[in-house]
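Notes follow once the structure below has been shown.
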Amino acid sequence: MKLCVCIKQVPDIQAPFRIVDGRLQFDVERHVLNAYDASAVEGALQLVEQHGGTVEVVAIGPASVSETIRKALAMGAERAYHIEADPSGWDSATVATVLAAFFRDRSYDAIFTGKQAQDTDAGLTGTMLAERLGLPYVSNAVGLAYEDGRLIVTRQGDAGREIIELTLPGLVTISNDMNDPRIPSIRGIMQARRKPVEQLTLSDLGLSDDALRPQTRVTGYRPVPPRAPGRKLEGEPAEVVRELVRLLREEARVL
Amino acid sequence: MGSFPFNPDDAFLFESMLKEEDRLIMETAREYAQSCLEPRALEGNQQGIFHMEIPREMGELGLLGVTIDPKYGGGGASYTAYGLIARELERVDSAYRSFMSVQSSLVMFPIEKYGTEEQKRKYLPKLATGELIGCFGLTEPDHGSDPGSMETTARRVDGGWVLNGTKAWITNAPIADIAVVWARAKEHPDDEGEIMGFILERDMPGLSTPETKNKMSLRASSTGEIVMEDVFVPDANVLPGVRGLRGPFSCLSNARYGIAWGTVGAAEDCYQRTRRYVMERTQFGYPLAAMQLIQTKLANMLTEITQMQLLAFRLGQLADEGRVTPAQISLAKRNNAGKALEIARMARDMHGANGIVGDYRVIHHMVNLESVNTYEGTYDIHGLILGREITGIQAFVPRGNDLPPKKKPAPATTR
């Protein structure tokens with residue numbers, strides 16, 4: 001089985017950030033592997049450990065992305081592709097365009113992505129990429145199995161879990177609820193230095209500036225407004241419950 | 001001027017100076033320590049338990065012997081990486097860092113540096129995986145800061161040496177499979193002898209390792225004695241590569257280097273927990289963080305921590321360039337352990353009554369750091385090491401105040 005996981009480098013959400021005049025400020029030198037993508041790498045590694053095969057990863061970004069690529073290689077991916085570009089200002093569709101160009105001449109049994117990225121939380125790239133490549137896909141996967149040349153994907157739906165049989169090649173976007181990504185060992189980190197990382201440019205992929213023009217743009221950031229303080233009801237339990245029900249019906253209008 | 005927000009955990013952005021590989025190793029150590037050690041730390045301290053799965057877990061991730069040659073199972077990584085691992089383990093509990101320091105710096109290091117090829121092949125790979133646990137015997141009940149006057153002897157016999165003596169305050173001794181022991185070796189009974197290193201194995205007759213009970217500090221670390229009564233050690237277990245105090249001192253330099261880094265983690269944890277606490281705790285209608293006294297204390301803590309971080313970072317660079325000296329290590333160990341202890345005491349104070357409770361974890365660090373400030377060269381002894389470097393005059397032995405010759409103690413009298 002040959003799998004490829006699309007990984008993204010995101011700002012470290014542990015580090016402080018702030019919003020000044022509608023613009024987001026953060027320490028651009030602190031970045032990590034998107035946690036959802038880490039689960040996707042873990043899911044892919046577990047599949048090939050059970051059924052044989054290889055896991056490769058692809059990432060888009062500036063030179064600093066090498067650290068994130070190395071983390072995925074340290075976890076156990078065998079080969080990486082680094083598409084060198086400055087993706088600031090891109091939207092999900094642009095990313096999907098670039099990834100689609102990358103995958104067009106390559107063949108994999110399945111492509112995995114995280115279900116979303118921690119920085120934008122858009123959750124669109126995987127879906128758009130499946131559409132561009134004309135692949136069947138399942139989103140928000142929490143379980144994966146391989147049987148008779150097909151992937152059996154457990155998907156977390158709104159009402160419950162759905163078990164979906166996916167013909168291959170196909171694409172799956174993976175939830176962080178699927179697994180706890182392994183912690184790379186020191187040996188893995190040291191050996192990752194010797195694993196192949198192929199550098200690609202946008203022109204290598206035949207992409208023109210026109211093709212990369214984003215369809216949407218972020219016009220500004222606003223902090224989440226602080227939540228209004230709650231109201232505390234005091235008194236005898238029977239009275240308090242009666243009052244609570246009244247408030248839920250008349251003020252909150254949820255009953 | 002940059003427009004980044006101030007990072008109160010890394011005020012001078014020292015982590016962004018780290019090399020990619022070192023930062024990835026730091027992340028591995030941090031993920032392990034926070035997910036696997038932090039949940040055990042309070043129980044380990046309160047019940048006095050060193051969880052015996054920990055060596056294998058650390059071994060699996062490669063956290064033991066990270067600077068040792070990979071052909072012997074080590075990590076082959078930098079000294080900076082070793083320091084960063086120490087920082088992450090000690091962020092949870094100095095006891096866990098102590099285990100790793102002893103295994104890596106005091107057992108694996110001397111075997112790699114002074115051991116034979118057979119010894120390296122026999123011991124290092126299993127020490128790296130945590131299958132074997134090691135300890136290091138230098139300190140004796142009556143010889144702490146002055147190990148040169150040790151009483152443990154090794155007497156030459158056919159095919160090896162016979163060791164007699166007691167080593168005290170030995171981290172890992174009760175759980176160790178092997179012990180690197182330093183003894184005064186005498187070819188003939190009348191020789192003055194010279195200090196040599198020996199690798200003792202658990203099943204050697206005459207060797208016992210009683211546990212040191214009732215410790216109030218480093219309680220999640222196993223501490224004991226190494227008692228040797230006519231222990232025969234074959235020639236194959238002698239470390240041939242070194243004679244004299246230089247041997248154990250080079251190991252200590254290595255371990256002290258790790259302490260200079262580890263204590264940064266303990267101090268950071270105390271400061272971060274305190275920062276969260278004073279933001280939430282309200283008195284007189286305001287969070288404690290709104291009080292001037294509290295703010296300047298936080299500012300002092302962060303200032304000290306920033307200096308500790310930068311000192312450790314530079315020490316790491318010097319170690320990786322092969323230029324680090326024992327005096328530099330003394331300065332950093334002394335400063336960082338001493339400052340971490342002050343920060344922990346301040347953090348304990350700022351938590352008020354809650355600071356007494358283990359769940360807030362600051363008193364846990366505080367009592368641990370009392371040991372860390374003392375072991376591997378006390379704060380004052382490192383001051384004397386530096387004093388000698390600065391002045392060229394040793395002040396370990398008081399001069400001009402020669403003591404009268406030792407008399408036999410007078411028999412106890414009763415009136």
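A few comments on the model shown:
- Among the residues listed as A:Arg194, A:Arg187, the single one being within 14 Å of chain B (Cβ to nearest Cβ) and in contact with a Gly (Cβ under 7 Å, 6 or more places away or on another chain): A:Arg187
- Residue match in segment B:95-102 (condition: assigned to a loop (DSSP other than H, G, I, E, B), touching a residue at least 60 places away in the same chain (Cβ under 8 Å), away from chain A (no Cβ under 13 Å) and within 25 Å of B:Gly358 (Cα to Cα)): no
- Residue count for segment A:3-37, restricted to those that are part of a loop (DSSP other than H, G, I, E, B) and away from chain B (no Cβ under 11 Å): 4
- Residue match in segment B:147-155 (condition: surrounded by fewer than 21 Cβ atoms within 10 Å (Cβ to Cβ) and more than 26 Å from the chain's Cα centre (by Cα)): yes
- Residue match in segment B:248-261 (condition: in contact with a strand residue (DSSP E or B) (Cβ under 6 Å, 6 or more places away or on another chain) and closer than 30 Å to B:Leu163 by Cβ): yes
- Lone unmet requirement of (1) farther than 22 Å from A:Ser175 by Cα; (2) assigned to a loop (DSSP other than H, G, I, E, B); (3) in contact with a Gly (Cβ under 9 Å, 6 or more places away or on another chain); (4) not hydrophobic (A, V, I, L, M, F, W, C) for A:Gln116: (1)
- Among the conditions (1) farther than 27 Å from A:Ser64 by Cβ; (2) touching a Leu at 6+ places or on another chain (Cβ under 7 Å), A:Ala192 misses just one, which is (1).
- Residues considered: B:Asp190, B:Asp203. Of these, the only one that is over 30 Å from B:Leu369 (Cα atoms), at pLDDT below 95 and out of contact with any Gly (no Cβ under 7 Å at 6 or more places or on another chain) is B:Asp190.
- Residue in segment A:10-17 that is touching a residue at least 60 places away in the same chain (Cβ under 8 Å) and either of a type in the set (S, T, N, Q) or within 19 Å of A:Asp180 (Cα to Cα) (or both) present: yes
To keep it simple, each residue is scored yes or no on (1) outside the structural domain of B:Arg345 (by TED's automatic domain parsing); (2) within 18 Å of the chain's Cα centre (by Cα).
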residue: B:Met216; (1), (2): yes, yes
residue: B:Ser222; (1), (2): yes, yes
residue: B:Asn254; (1), (2): no, yes
residue: B:Gly258; (1), (2): no, yes
residue: B:Arg281; (1), (2): no, no
residue: B:Pro287; (1), (2): no, no
residue: B:Gln295; (1), (2): no, no
residue: B:Gln307; (1), (2): no, no
residue: B:Leu318; (1), (2): no, no
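- In segment A:54-91, the qualifying residues are those that are at pLDDT 95 or above, surrounded by fewer than 23 Cβ atoms within 10 Å (Cβ to Cβ) and among the polar types (S, T, N, Q), and the one that is nearest to A:Asn179 (Cα to Cα) is A:Thr54.
- Residue within segment B:229-244 that is free of Cβ contacts under 8 Å to residues at least 24 places away in the same chain and touching a strand residue (DSSP E or B) at 6+ places or on another chain (Cβ under 9 Å) present: no
- Complete set of residues in segment B:206-261 that are of a type in the set (Val, Ile, Thr), under 21 Å from B:Ile54 (Cβ atoms) and assigned to a strand (DSSP E or B): B:Thr223
- Count of residues meeting criterion [at negative phi, of a type outside the set (D, E, K, R) and surrounded by 10 or more Cβ atoms within 10 Å (Cβ to Cβ)] in segment A:216-242: 6
- Considered as a group, the residues in segment A:71-97 that are out of contact with any Pro (no Cβ under 8 Å at 6 or more places or on another chain), in a helix (DSSP H, G or I) and not hydroxyl-bearing (Ser, Thr, Tyr) include one that is farthest from the other protein chains (Cβ to nearest Cβ), and that residue is A:Ala96.
- Verdict on B:Ala128 being of a type in the set (A, V, I, L, M) and in a helix (DSSP H, G or I): yes
- From the list B:Gly258, B:Gly241, B:Gly262, the lone residue that is modelled with pLDDT under 95 and small (Gly, Ala, Ser) is B:Gly241.
- When B:Glu53 is tested against (1) without any contact (Cβ under 8 Å) to a residue 40 or more places away in the chain; (2) buried (at least 24 other Cβ atoms within 10 Å of the Cβ); (3) within 17 Å of B:Asn172 (Cα to Cα), just one condition goes unmet, and that condition is (2).
- Which numbered condition B:Pro248 fails, given (1) surrounded by fewer than 16 Cβ atoms within 10 Å (Cβ to Cβ); (2) within 24 Å of the chain's Cα centre (by Cα): (1)
- Of all residues in segment B:355-411, those satisfying the criterion of being of a type in the set (Gly, Ala, Ser), free of Cβ contacts under 8 Å to residues at least 60 places away in the same chain and in a helix (DSSP H, G or I) are B:Gly355, B:Gly383, B:Gly387.
The values are calculated or read from the model by the stated rules, or taken from the named source; none is laboratory data. Keep in mind that this is a model prediction, so the values were computed, not measured. Using ideal geometry, Cβ is built from the backbone for each residue, glycine included, and neighbour counts are taken over all protein chains shown.
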